[in-house]
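As C-alpha cells, the structure follows; a few thoughts come after it.
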Amino acid sequence: MGIKGQYQFSKEYQSILNESLKIDSTFDYAYWAKSIAYLKSGDFITWKKLIDKAVDLNPVEYLGYRGWCRYQFFRDYEGAINDIEALEKNKRRRYCLFAKRNVSSKNR
C-alpha cells in the first residue's frame, strides 16, 4: 500500500505516515504531510506541532510554507516575517558553506 492516491484525511494516509515515522523519526516530509490535514480541518494546535517538527528537521524546505500559512490563515504577520527572514538566513548559510567547500576543493 502506498501513499499515492490516498486521501489526506483517511486513516490509511495517516497510518502510512505514522509507520514511516516509526522507521525514521527524522523523515521531515511525513511531519509536513501529516500537518496539512490538521490545518485543513482546523486543528491548528496539532498542525503547529507537526509543522514545527518539519521545520526543525529541514528549515530550508518548510520555513517558507509555514510563513505563508501564518500569513494566509492566521494573519500572524510578525511570525510570517520571522519565518521568511529565517529562511533567507538559512539559505545564505547553506550557500556560504557550499561556496567555501568548492573553494577549498579547488585549492587542492
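Things worth noting here:
- Label-to-label distance, ASP56 versus LYS22, with points set 7 angstrom from Cα along the beta-carbon direction: 2.2 nm.
- Carbon and sulfur %, accessible surface of the stretch 19-76 computed with the full protein complex present, 1.4 Å: 54 percent
- A dipole drawn for the stretch 5-52 from +1 and -1 charges on Cβ atoms has a positive end, and of PHE44, PHE27, TYR13 the residue lying farthest that way is PHE44.
- Counting only protein chain heavy atoms and rolling a 1.4 Å probe, the accessible areas of TYR65, TYR31 rank, largest first, as TYR65, TYR31.
The values are calculated or read from the model by the stated rules, or taken from the named source; none is laboratory data. Please read all numbers here as calculations on a predicted model, not as lab measurements. Every residue, glycine among them, receives a Cβ derived from its backbone with ideal geometry; neighbour counts consider all protein chains shown. Calculation scope for accessible area: heavy atoms of the full protein, side chains included, ligands and nucleic acids excluded. Shrake-Rupley method; radii C 1.70, N 1.55, O 1.52, S 1.80 Å.
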